[in-house]
Amino acid sequence: RAKSTAHNMYFVYENKMADNINAHLTLGGGLRKAIEEEQFVLHYQPKIRLPDESVVGAEALIRWSHPELGMISPDQFIPLAEESGLIIPLGEWVICRACRQLQEWREAGYRPIKLSVNLSSRQFMQADLVDMVQRILEETGVDPKYFELELTESMLMADAQQSIEKLHGFRKLGLTLSIDDFGTGYSSLAYLKKFPIQTLKIDRSFIHDLGLDCDNDAIVKATVAMANSLNLKVIAEGVENRTQVDILNSYKCQEVQGYLFSKPLNSVDFALYMDIHGFYNVSVAVENDSV
Ligand code: C2E
Ligand code: MG
Ligand code: MG
Ligand code: MG
(Lines give C-alpha, C1' and ligand atoms only; values in the text may rest on other atoms or scores of the structure.)
(Ligands and ions follow the chains in the order given, each with its own letter.)
Protein backbone atom coordinates (compact mmCIF):
# COMPACT_ATOMS: atom_id res chain seq x y z
CA ARG A 1 0.00 0.00 0.00
CA ALA A 2 2.83 2.30 0.93
CA LYS A 3 4.41 1.44 -2.35
CA SER A 4 1.34 2.34 -4.38
CA THR A 5 1.08 5.71 -2.56
CA ALA A 6 4.67 6.46 -3.45
CA HIS A 7 3.90 5.33 -6.98
CA ASN A 8 0.92 7.67 -7.17
CA MET A 9 2.95 10.53 -5.77
CA TYR A 10 5.54 9.94 -8.42
CA PHE A 11 2.89 10.34 -11.07
CA VAL A 12 1.51 13.44 -9.41
CA TYR A 13 5.00 14.86 -9.43
CA GLU A 14 5.62 13.90 -13.03
CA ASN A 15 2.31 15.43 -14.09
CA LYS A 16 3.19 18.63 -12.28
CA MET A 17 6.44 18.80 -14.19
CA ALA A 18 4.61 18.24 -17.43
CA ASP A 19 2.19 20.98 -16.40
CA ASN A 20 5.07 23.34 -15.82
CA ILE A 21 6.58 22.57 -19.20
CA ASN A 22 3.18 22.96 -20.85
CA ALA A 23 2.63 26.20 -19.01
CA HIS A 24 5.99 27.44 -20.23
CA LEU A 25 5.18 26.63 -23.86
CA THR A 26 1.61 27.88 -23.67
CA LEU A 27 2.63 31.11 -22.01
CA GLY A 28 5.51 31.72 -24.40
CA GLY A 29 3.29 31.11 -27.44
CA GLY A 30 0.48 33.20 -26.05
CA LEU A 31 2.61 36.18 -25.17
CA ARG A 32 2.65 37.82 -28.58
CA LYS A 33 -1.11 37.52 -28.92
CA ALA A 34 -1.53 38.74 -25.34
CA ILE A 35 0.40 41.90 -26.19
CA GLU A 36 -1.71 42.50 -29.30
CA GLU A 37 -4.88 41.96 -27.31
CA GLU A 38 -3.66 43.92 -24.27
CA GLN A 39 -4.28 41.11 -21.79
CA PHE A 40 -2.14 42.87 -19.21
CA VAL A 41 -2.99 45.02 -16.23
CA LEU A 42 -0.95 47.09 -13.84
CA HIS A 43 -1.47 46.80 -10.12
CA TYR A 44 -0.26 49.51 -7.77
CA GLN A 45 1.39 49.07 -4.39
CA PRO A 46 1.59 52.14 -2.13
CA LYS A 47 4.85 53.51 -0.75
CA ILE A 48 4.67 54.82 2.81
CA ARG A 49 6.86 57.48 4.41
CA LEU A 50 8.30 56.98 7.89
CA PRO A 51 7.77 57.87 10.65
CA ASP A 52 4.40 59.53 9.89
CA GLU A 53 3.25 56.67 7.64
CA SER A 54 1.74 58.95 5.03
CA VAL A 55 1.28 57.66 1.48
CA VAL A 56 3.91 59.17 -0.82
CA GLY A 57 3.85 57.08 -3.95
CA ALA A 58 3.21 53.74 -5.60
CA GLU A 59 4.93 51.09 -7.67
CA ALA A 60 3.31 49.75 -10.83
CA LEU A 61 3.50 45.94 -11.06
CA ILE A 62 2.36 44.07 -14.16
CA ARG A 63 0.05 41.05 -14.22
CA TRP A 64 -1.11 38.98 -17.16
CA SER A 65 -4.85 38.59 -17.05
CA HIS A 66 -4.94 35.34 -19.04
CA PRO A 67 -8.34 34.38 -20.52
CA GLU A 68 -8.01 30.72 -19.40
CA LEU A 69 -5.34 30.66 -16.70
CA GLY A 70 -6.38 33.75 -14.74
CA MET A 71 -3.91 36.21 -13.21
CA ILE A 72 -0.30 35.29 -13.94
CA SER A 73 2.51 36.88 -11.94
CA PRO A 74 5.38 38.72 -13.66
CA ASP A 75 7.98 36.23 -12.40
CA GLN A 76 6.31 33.67 -14.68
CA PHE A 77 6.27 35.65 -17.92
CA ILE A 78 8.82 38.50 -17.74
CA PRO A 79 11.69 35.98 -18.27
CA LEU A 80 9.82 34.63 -21.33
CA ALA A 81 9.29 38.14 -22.63
CA GLU A 82 12.99 38.82 -22.13
CA GLU A 83 14.05 35.67 -24.02
CA SER A 84 11.76 36.35 -26.95
CA GLY A 85 12.42 40.08 -27.17
CA LEU A 86 8.74 40.78 -26.56
CA ILE A 87 9.82 42.72 -23.47
CA ILE A 88 10.43 45.67 -25.82
CA PRO A 89 6.77 46.22 -26.81
CA LEU A 90 5.58 44.99 -23.41
CA GLY A 91 7.90 47.36 -21.56
CA GLU A 92 6.68 50.25 -23.66
CA TRP A 93 3.10 49.29 -22.89
CA VAL A 94 3.87 49.36 -19.14
CA ILE A 95 5.38 52.86 -19.28
CA CYS A 96 2.51 54.10 -21.42
CA ARG A 97 -0.16 52.55 -19.20
CA ALA A 98 1.47 53.90 -16.03
CA CYS A 99 1.66 57.45 -17.43
CA ARG A 100 -1.93 57.35 -18.68
CA GLN A 101 -3.06 56.08 -15.30
CA LEU A 102 -1.33 58.98 -13.57
CA GLN A 103 -3.22 61.41 -15.79
CA GLU A 104 -6.52 59.54 -15.34
CA TRP A 105 -6.20 59.88 -11.57
CA ARG A 106 -5.39 63.57 -11.90
CA GLU A 107 -8.41 64.13 -14.13
CA ALA A 108 -10.57 62.26 -11.62
CA GLY A 109 -9.51 64.80 -8.99
CA TYR A 110 -6.70 63.10 -7.10
CA ARG A 111 -3.64 64.94 -5.88
CA PRO A 112 -0.60 63.85 -7.91
CA ILE A 113 1.24 60.78 -6.64
CA LYS A 114 4.69 59.56 -7.61
CA LEU A 115 4.65 56.34 -9.58
CA SER A 116 7.56 53.98 -10.26
CA VAL A 117 7.90 51.42 -13.03
CA ASN A 118 10.27 48.42 -13.19
CA LEU A 119 12.62 47.92 -16.11
CA SER A 120 14.23 44.62 -17.15
CA SER A 121 17.73 44.03 -18.54
CA ARG A 122 16.99 43.72 -22.21
CA GLN A 123 14.66 46.68 -22.07
CA PHE A 124 17.36 48.74 -20.39
CA MET A 125 19.78 47.86 -23.23
CA GLN A 126 17.31 49.19 -25.80
CA ALA A 127 19.13 51.96 -27.66
CA ASP A 128 16.24 54.44 -27.90
CA LEU A 129 14.89 53.89 -24.37
CA VAL A 130 15.46 57.45 -23.16
CA ASP A 131 13.77 58.88 -26.26
CA MET A 132 10.86 56.49 -25.85
CA VAL A 133 10.32 57.52 -22.22
CA GLN A 134 10.58 61.20 -23.19
CA ARG A 135 8.01 60.75 -25.95
CA ILE A 136 5.53 58.99 -23.65
CA LEU A 137 5.94 61.62 -20.92
CA GLU A 138 5.27 64.34 -23.48
CA GLU A 139 2.34 62.54 -25.12
CA THR A 140 0.63 61.87 -21.80
CA GLY A 141 1.57 65.20 -20.22
CA VAL A 142 3.00 63.58 -17.07
CA ASP A 143 5.30 65.82 -15.03
CA PRO A 144 8.54 63.76 -14.89
CA LYS A 145 9.00 64.56 -11.22
CA TYR A 146 6.13 62.15 -10.57
CA PHE A 147 7.82 59.36 -12.50
CA GLU A 148 10.52 56.97 -11.29
CA LEU A 149 12.32 54.03 -12.87
CA GLU A 150 13.42 50.99 -10.84
CA LEU A 151 16.58 49.29 -12.08
CA THR A 152 18.72 46.50 -10.66
CA GLU A 153 22.44 46.45 -9.96
CA SER A 154 23.10 43.72 -12.52
CA MET A 155 21.41 45.79 -15.23
CA LEU A 156 23.76 48.69 -14.56
CA MET A 157 26.90 46.54 -14.29
CA ALA A 158 26.41 44.81 -17.66
CA ASP A 159 27.88 47.88 -19.36
CA ALA A 160 28.65 50.46 -16.69
CA GLN A 161 29.74 53.26 -19.03
CA GLN A 162 26.67 53.02 -21.23
CA SER A 163 24.46 52.76 -18.17
CA ILE A 164 25.85 55.98 -16.72
CA GLU A 165 25.11 57.80 -19.99
CA LYS A 166 21.60 56.42 -20.11
CA LEU A 167 20.92 57.35 -16.52
CA HIS A 168 22.14 60.90 -17.17
CA GLY A 169 19.74 60.99 -20.12
CA PHE A 170 16.86 60.09 -17.80
CA ARG A 171 18.00 62.64 -15.23
CA LYS A 172 17.94 65.35 -17.92
CA LEU A 173 14.28 64.48 -18.49
CA GLY A 174 13.70 65.23 -14.81
CA LEU A 175 12.70 61.81 -13.50
CA THR A 176 14.22 59.88 -10.58
CA LEU A 177 16.06 56.57 -10.56
CA SER A 178 15.96 53.81 -8.00
CA ILE A 179 18.04 50.66 -7.42
CA ASP A 180 15.66 47.76 -6.80
CA ASP A 181 16.47 44.61 -4.79
CA PHE A 182 19.58 46.26 -3.38
CA GLY A 183 21.91 43.85 -1.61
CA THR A 184 21.30 40.87 -3.89
CA GLY A 185 23.98 41.90 -6.39
CA TYR A 186 27.69 42.24 -5.92
CA SER A 187 28.15 45.99 -6.05
CA SER A 188 29.17 48.20 -3.16
CA LEU A 189 27.36 51.40 -2.38
CA ALA A 190 30.59 53.28 -3.02
CA TYR A 191 30.64 51.90 -6.57
CA LEU A 192 26.94 52.51 -7.11
CA LYS A 193 27.47 56.18 -6.34
CA LYS A 194 29.17 56.49 -9.74
CA PHE A 195 25.66 56.15 -11.17
CA PRO A 196 23.31 59.15 -10.91
CA ILE A 197 20.69 57.44 -8.74
CA GLN A 198 18.45 58.90 -6.03
CA THR A 199 16.86 55.97 -4.28
CA LEU A 200 17.95 52.63 -2.87
CA LYS A 201 15.42 49.90 -2.34
CA ILE A 202 16.60 47.26 0.12
CA ASP A 203 15.66 43.76 -1.02
CA ARG A 204 12.88 42.08 0.87
CA SER A 205 15.06 39.10 1.87
CA PHE A 206 16.89 41.44 4.30
CA ILE A 207 13.64 42.94 5.56
CA HIS A 208 12.16 39.49 6.15
CA ASP A 209 14.89 38.65 8.69
CA LEU A 210 14.80 41.96 10.59
CA GLY A 211 14.74 41.32 14.33
CA LEU A 212 15.51 37.64 13.80
CA ASP A 213 19.20 37.72 12.96
CA CYS A 214 21.73 40.18 14.41
CA ASP A 215 24.07 40.05 11.42
CA ASN A 216 21.22 40.77 9.04
CA ASP A 217 20.07 43.70 11.23
CA ALA A 218 23.60 45.10 11.22
CA ILE A 219 23.72 44.94 7.42
CA VAL A 220 20.40 46.77 7.07
CA LYS A 221 21.40 49.37 9.67
CA ALA A 222 24.73 50.03 7.97
CA THR A 223 23.11 50.16 4.51
CA VAL A 224 20.54 52.73 5.64
CA ALA A 225 23.22 54.81 7.40
CA MET A 226 25.54 54.78 4.42
CA ALA A 227 22.74 55.58 1.98
CA ASN A 228 21.65 58.48 4.18
CA SER A 229 25.15 59.90 4.30
CA LEU A 230 25.41 59.58 0.51
CA ASN A 231 22.13 61.51 0.21
CA LEU A 232 20.21 58.59 -1.22
CA LYS A 233 16.64 57.96 -0.17
CA VAL A 234 16.19 54.48 1.30
CA ILE A 235 13.07 52.38 0.98
CA ALA A 236 12.50 48.92 2.44
CA GLU A 237 10.42 46.45 0.41
CA GLY A 238 8.43 43.50 1.73
CA VAL A 239 7.52 44.98 5.11
CA GLU A 240 5.01 42.60 6.68
CA ASN A 241 4.91 43.40 10.39
CA ARG A 242 5.21 46.13 13.02
CA THR A 243 8.52 44.86 14.40
CA GLN A 244 10.10 45.50 11.02
CA VAL A 245 8.63 49.04 10.91
CA ASP A 246 9.91 49.82 14.42
CA ILE A 247 13.42 48.64 13.58
CA LEU A 248 13.45 50.52 10.25
CA ASN A 249 12.26 53.65 12.05
CA SER A 250 15.08 53.35 14.56
CA TYR A 251 17.55 53.05 11.64
CA LYS A 252 16.09 56.23 10.02
CA CYS A 253 14.83 54.44 6.91
CA GLN A 254 12.63 56.95 5.04
CA GLU A 255 10.08 54.78 3.27
CA VAL A 256 8.51 51.33 3.42
CA GLN A 257 6.42 49.18 1.14
CA GLY A 258 4.80 45.85 1.87
CA TYR A 259 1.76 43.76 2.70
CA LEU A 260 1.54 45.34 6.20
CA PHE A 261 0.31 48.51 4.50
CA SER A 262 -1.21 47.13 1.33
CA LYS A 263 -0.85 44.45 -1.32
CA PRO A 264 -0.60 45.69 -4.90
CA LEU A 265 -4.11 46.90 -5.86
CA ASN A 266 -5.90 47.13 -9.19
CA SER A 267 -6.54 50.67 -10.41
CA VAL A 268 -10.08 50.84 -9.01
CA ASP A 269 -9.01 49.66 -5.57
CA PHE A 270 -5.99 51.93 -5.63
CA ALA A 271 -8.28 54.90 -6.28
CA LEU A 272 -10.36 53.85 -3.25
CA TYR A 273 -7.14 53.58 -1.27
CA MET A 274 -6.26 57.15 -2.28
CA ASP A 275 -9.77 58.27 -1.23
CA ILE A 276 -9.22 56.81 2.23
CA HIS A 277 -5.79 58.42 2.49
CA GLY A 278 -6.90 61.93 1.64
CA PHE A 279 -5.73 62.14 -1.96
CA TYR A 280 -9.06 63.26 -3.30
CA ASN A 281 -8.93 66.96 -4.00
CA VAL A 282 -12.44 68.39 -4.10
CA SER A 283 -11.52 71.68 -5.78
CA VAL A 284 -9.75 69.97 -8.68
CA ALA A 285 -12.68 67.60 -9.19
CA VAL A 286 -15.15 70.51 -9.34
CA GLU A 287 -12.96 72.34 -11.85
CA ASN A 288 -12.86 69.26 -14.07
CA ASP A 289 -16.61 68.74 -13.82
CA SER A 290 -17.36 72.27 -14.98
CA VAL A 291 -15.21 71.95 -18.13
P1 C2E B 1 10.02 43.88 -7.50
O2 C2E B 1 10.07 45.08 -8.37
O3 C2E B 1 11.12 43.72 -6.51
O4 C2E B 1 8.60 43.95 -6.79
C5 C2E B 1 8.34 43.52 -5.48
C6 C2E B 1 7.56 42.22 -5.47
O7 C2E B 1 7.30 41.86 -4.08
C8 C2E B 1 6.19 42.29 -6.12
O9 C2E B 1 5.91 41.01 -6.67
C10 C2E B 1 5.27 42.56 -4.93
O11 C2E B 1 3.94 42.17 -5.16
C12 C2E B 1 5.91 41.72 -3.87
N13 C2E B 1 5.64 42.21 -2.52
C14 C2E B 1 5.29 43.46 -2.14
N15 C2E B 1 5.14 43.54 -0.81
C16 C2E B 1 5.40 42.31 -0.31
C17 C2E B 1 5.41 41.75 1.02
O18 C2E B 1 5.15 42.42 2.02
N19 C2E B 1 5.76 40.44 1.11
C20 C2E B 1 6.07 39.67 0.03
N21 C2E B 1 6.37 38.40 0.22
N22 C2E B 1 6.06 40.16 -1.23
C23 C2E B 1 5.74 41.47 -1.39
P24 C2E B 1 5.32 40.87 -8.15
O25 C2E B 1 4.28 41.91 -8.38
O26 C2E B 1 4.96 39.44 -8.35
O27 C2E B 1 6.56 41.24 -9.07
C28 C2E B 1 7.71 40.45 -9.08
C29 C2E B 1 8.82 41.06 -9.90
O30 C2E B 1 8.45 41.12 -11.28
C31 C2E B 1 9.13 42.51 -9.51
O32 C2E B 1 9.95 42.54 -8.36
C33 C2E B 1 9.80 43.01 -10.76
O34 C2E B 1 11.16 42.64 -10.77
C35 C2E B 1 9.08 42.24 -11.84
N36 C2E B 1 8.07 43.13 -12.47
C37 C2E B 1 6.85 43.48 -12.02
N38 C2E B 1 6.24 44.32 -12.87
C39 C2E B 1 7.12 44.54 -13.89
C40 C2E B 1 7.07 45.33 -15.09
O41 C2E B 1 6.12 46.05 -15.38
N42 C2E B 1 8.17 45.27 -15.91
C43 C2E B 1 9.26 44.51 -15.59
N44 C2E B 1 10.30 44.51 -16.44
N45 C2E B 1 9.34 43.78 -14.49
C46 C2E B 1 8.28 43.77 -13.63
MG1 MG C 1 10.40 47.03 -8.09
MG1 MG D 1 12.23 44.94 -5.44
MG1 MG E 1 12.39 42.04 -5.35
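The values are calculated or read from the model by the stated rules, or taken from the named source; none is laboratory data. Keep in mind that what you see is a predicted model, and the values were worked out from it rather than measured. Cβ sites come from the backbone with ideal geometry, for glycine too, and all protein chains shown count toward neighbours. Side chains included, ligands, DNA and RNA excluded: accessible areas come from the protein's heavy atoms. Shrake-Rupley method; radii C 1.70, N 1.55, O 1.52, S 1.80 Å.
Miscellaneous remarks
- Within straight-line reach of LYS114, meaning a Cα separation under 12 Å, sit the following aspartates and glutamates at least 8 residues removed in sequence or on another chain: GLU59, ASP143, GLU148.
- Around the Cα centre of region 142-291, unit charges on the Cβ atoms of Lys, Arg, Asp and Glu (plus for the first two, minus for the last two) sum to a dipole of about 560 debye.
- As a ratio to 2.2 N^0.38 Å, the alpha-carbon radius of gyration for region 41-150 is 1.12.
- Net charge dipole size for the chain [Lys, Arg +1 and Asp, Glu -1 on Cβ; Debye, nearest 20]: 380 debye
- Averaged over its residues, the chain has an accessible area of 52 Å² per residue, based on protein heavy atoms and a 1.4 Å probe.
- Given their separation in residues at 0.36 nm each and the Cα-Cα distance between them, LYS252 and ASP269 gain 3.1 nm when the chain is fully extended.
- Placing pseudo-labels 7 Å out from each Cα toward the beta carbon at LYS193 and VAL41 gives an inter-label distance of 4.4 nm.
- Region 171-291: projected area of the alpha-carbon convex hull, averaged over directions, in nm²: 10.2 nm²
- 3J(HN,Hα) along region 112-120: x, 10, 7, 10, 10, 10, 8, 10, 10 Hz, from the Karplus curve 6.51 cos²θ - 1.76 cosθ + 1.60 with θ = phi - 60°, whole Hz, x for Gly and Pro.
- Cross-link reach is defined here as a Cα-Cα straight distance under 20 Å, omitting same-chain residues fewer than 8 places apart; for LYS33 the aspartates and glutamates meeting it are GLU68, ASP75, GLU82, GLU83, GLU92.
- Unit charges on C-beta of K, R, D, E only; dipole of region 177-243, Debye: 400 debye
- In Å², nearest 10: area of HIS208 left accessible to a 1.4 Å probe: 110 Å²
- Once all protein chains are placed together, ARG63 keeps about 50 Å² accessible to a 1.4 angstrom probe.
- Residue-count net charge about ALA222 - beta-carbon cut-off 15 Å; Lys, Arg +1, Asp, Glu -1: -3
- Highest-MSF residue in the chain out of LEU200, LEU115, LEU232 [GNM, Cα springs under 10 Å]: LEU232
- Taking all protein chains together, ASP203, ASP131 sort by accessible area into ASP131, ASP203, largest first [probe 1.4 Å].
- Most simply put, the chain has about 40% antiparallel DSSP beta bridges, counting only bridges with both residues inside it.
- One quarter of the convex hull surface built on the alpha carbon atoms of the chain amounts to 19.2 nm², the projected area averaged over directions.
- Cα→Cβ-extended label distance, 7 Å offset, between GLN103 and ASP213, nm: 4.6 nm
- The distance separating the Cα centre of region 226-256 from that of region 94-120 comes to 25 Å.
- As a fraction of the 1.4 Å probe accessible area of the chain, surface on carbon and sulfur atoms comes out at 53 percent.
- Taking the charge dipole of the chain about its Cα centre, with +1 at Lys and Arg Cβ atoms and -1 at Asp and Glu Cβ atoms, the residue from VAL94, SER73, ASN249 reaching farthest to the positive side is ASN249.
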